[in-house]
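Undergrad: Quick one: the structure is below, and I'll ask about it shortly.
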Amino acid sequence: DTALYAAKRAGRGRFEYYSDVMDTKAREAELRHAVADDELVVYFQPAVALATGDLRAVEALVRWNHPTRGLLGPGEFIDLAEETGAVVPLGAWVLRRACQEAAAWRAETPGADPLRLAVNMSPKQVAQADLVETVQTILADTGFPPNRLTLEITESVILQPDPLTISRLEALRNLGIQLAVDDFGTGYSALSYLRRLPVTVLKIDRSFVTGIADDPEARSVCEAVVHLGEAFKMNVVAEGIETPDQAAALIAMGCTVGQGFYFHRPLPPQETAALVHKRFAPVS
Ligand code: C2E
Ligand code: MG
Ligand code: MG
Ligand code: MG
């Protein structure tokens, strides 16, 4: 094996580098099999009206039901997926599964006020030339309505958007899909870019919500994002609300929708379905 020979010849440090590469390749293969073999699971975290706790939307959050390591969160595999490109089929799988689940809840609660579904999109996915076709196919196959879907992109996508990315995002908007900027405030988004992009939702990053009660700077960022949302006519969603004080501070600022462990943790599909059905249960 030429690579192994070269690595050995270059000495111990090189050999370790080589084995890291092998490890990455092996882990990538394992992850691609996980997608193909349906080892992934989609959890859903409700987003609620802060004042009433009413369910407004659910965000799909991927988990990996690993055969030996148990249930893994995205923190343990999303970076690898992004680096290797495995995130492209993984992300399509998540979108399809989430739309299937959400379409079934809708079918079981006819006439109900339709729920919004949010799904995360990685920078690699947004960079795919066939992004729009992929999303359109999944919506058509599952019957989930485009105008109830929000795709969450990261701030890095909008920092230096190329014209092709912008046109893909505009095509998604033209289908009626909402576009959110996730973890907003962490990446120094240029305001000029934000205005130029067809973005409709800003999600205040958890780090600012966490500090809202006792860190004046974190508080200022939350206020600034709420004002920015008003100025640009974008919806603002607060992430990572863990205490009633944080919820109250956000309400006082004019932020009306949020997510966090204080309201709901991410739930497995069955529990999400139960929550959605409870929402539409007739009042007795
Ligand atoms: P995100 O999209 O910003 O999702 C919010 C994360 O914060 C979730 O972590 C959620 O469980 C966690 N969270 C929500 N409320 C609270 C709270 O009150 N306190 C604390 N401490 N945490 C809270 P999770 O599920 O581990 O996901 C982490 C990140 O992985 C997500 O951040 C998202 O960027 C990424 N991710 C998840 N699913 C997907 C996916 O299907 N595709 C892609 N590309 N990325 C995904
Ligand atoms: Mg998100
Ligand atoms: Mg976030
Ligand atoms: Mg995040």
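The values are calculated or read from the model by the stated rules, or taken from the named source; none is laboratory data. From a predicted model like this one, the values you see are computed outputs, not experimental measurements. We place every Cβ from the backbone using ideal geometry, glycine too, and count neighbours over all the protein chains shown. SASA here: full protein model, heavy atoms, side chains in, ligands and nucleic acids out. Shrake-Rupley method; radii C 1.70, N 1.55, O 1.52, S 1.80 Å.
Undergrad: With a ≥ b ≥ c the root eigenvalues of the C-alpha gyration tensor of the range 174-284, is it rounded (a/c under 1.5), prolate (a/b larger than b/c) or oblate?
TA: Oblate.
Undergrad: Would you kindly derive the ³J(HN,Hα) couplings of the range 133-146 from the backbone phi angles with the Karplus curve 6.51 cos²θ - 1.76 cosθ + 1.60 (θ = phi - 60°), listing them in order in whole Hz, with x for Gly and Pro?
TA: 3J(HN,Hα) across the range 133-146, in whole Hz: 4, 4, 5, 4, 4, 5, 5, 5, 5, 8, x, 7, x, x.
Undergrad: Between A26 and E230, what is 0.36 nm times their sequence separation minus the Cα-Cα distance? Round to one decimal in nm.
TA: Once the chain is fully extended between A26 and E230, it gains 68.7 nm.
Undergrad: Taking only Cα atoms and a 10 Å spring cutoff, compute GNM fluctuations for the chain and point out the largest among M234, M253, M121.
TA: Among M234, M253, M121, the largest GNM mean-square fluctuation belongs to M253.
Undergrad: Which far-off residues, 5 or more places away or on another chain, put their amide H under 5 Å from the one on T154, with H placed in the peptide plane?
TA: D182
Undergrad: Through the Karplus equation 6.51 cos²θ - 1.76 cosθ + 1.60, θ set to phi - 60°, convert the phi angles of the range 117-125 into ³J(HN,Hα) values in whole Hz; use x for Gly and Pro.
TA: Result, ordered by residue: 10, 10, 10, 6, 10, 7, x, 4, 5 Hz.
Undergrad: Would you work out which of V181, Q246, V221 lies farthest towards the positive end of the dipole of the chain? Charges go on Cβ: Lys and Arg +1, Asp and Glu -1.
TA: Working it through, the farthest residue towards the positive pole turns out to be V181.
Undergrad: Counting only C-alpha contacts under 8 Å and six or more residues apart, can you give the relative contact order of the chain as a whole percent?
TA: 17 percent
Undergrad: For the chain, find the longest principal axis of its Cα atoms and tell me its angle to the long axis of helix 269-279, 0 to 90°, nearest 10.
TA: It works out to around 10 degrees.
Undergrad: Once fully extended, how much extra length lies between L72 and A252, figured as 0.36 nm per residue of separation less the alpha-carbon to alpha-carbon distance?
TA: 61.2 nm
Undergrad: I've got another one for you. If I take the Cα coordinates of the range 139-229 and project them onto the principal axes, what are the three extents in Å, biggest first?
TA: Principal-axis extents of the Cα atoms in the range 139-229, largest first: 47, 28, 18 Å.
Undergrad: Length gain on complete extension for the stretch T137 to A36, per 0.36 nm per residue less the alpha carbon to alpha carbon distance?
TA: 34.5 nm
Undergrad: Just the accessible area per residue of the range 131-284, please: how many Å² with a 1.4 Å probe?
TA: 50 Å²
Undergrad: Once the dipole of the chain is set up with Lys and Arg at +1 and Asp and Glu at -1 on Cβ about the Cα centre, which of P268, P123, V236 lies farthest towards its positive end?
TA: P123
Undergrad: Pairs of Cα atoms under 8 Å, at least six residues apart: use those to get the relative contact order of the range 144-284, whole percent.
TA: The normalised contact order for the range 144-284 reaches 18 percent.
Undergrad: Which of V42, T84, G143 sits farthest toward the positive end of the charge dipole of the range 18-155, with +1 on the Cβ of Lys and Arg and -1 on the Cβ of Asp and Glu?
TA: My answer, from the dipole projection, is G143.
Undergrad: With springs only between Cα atoms under 10 Å apart, run a GNM on the chain and tell me which of T109, T142, T52 wobbles the most.
TA: T52
Undergrad: Calculate, in whole percent, how much of the Cα-Cα pair population of the chain lies beyond 29 Å.
TA: 39 percent
Undergrad: Still on this structure: Hey, got the dipole for the range 73-170? About the Cα centre, +1 on K and R Cβ, -1 on D and E Cβ, debye to the nearest 20?
TA: That gives the range 73-170 a dipole magnitude of about 320 debye.
Undergrad: Explain nothing, just the number: dipole magnitude of the chain about its Cα centre with +1 on each Lys and Arg Cβ and -1 on each Asp and Glu Cβ, in debye rounded to the nearest 20.
TA: 380 debye
Undergrad: Another question, then. First compute the accessible area of the chain with a 1.4 Å probe, then give the percent of it belonging to carbon and sulfur atoms.
TA: The nonpolar share, carbon plus sulfur, comes to 53 percent.
Undergrad: Shifting gears a bit: Where does each of K25, K124 land when they are ordered by accessible area, with a 1.4 Å probe and the largest first?
TA: Most to least solvent-accessible, the answer reads K25, K124.
Undergrad: Ok, one more. Mind checking the dipole of the range 127-235: about its Cα centre, +1 per Lys or Arg Cβ, -1 per Asp or Glu Cβ, Debye to the nearest 20?
TA: Value, rounded to 20: 360 debye.
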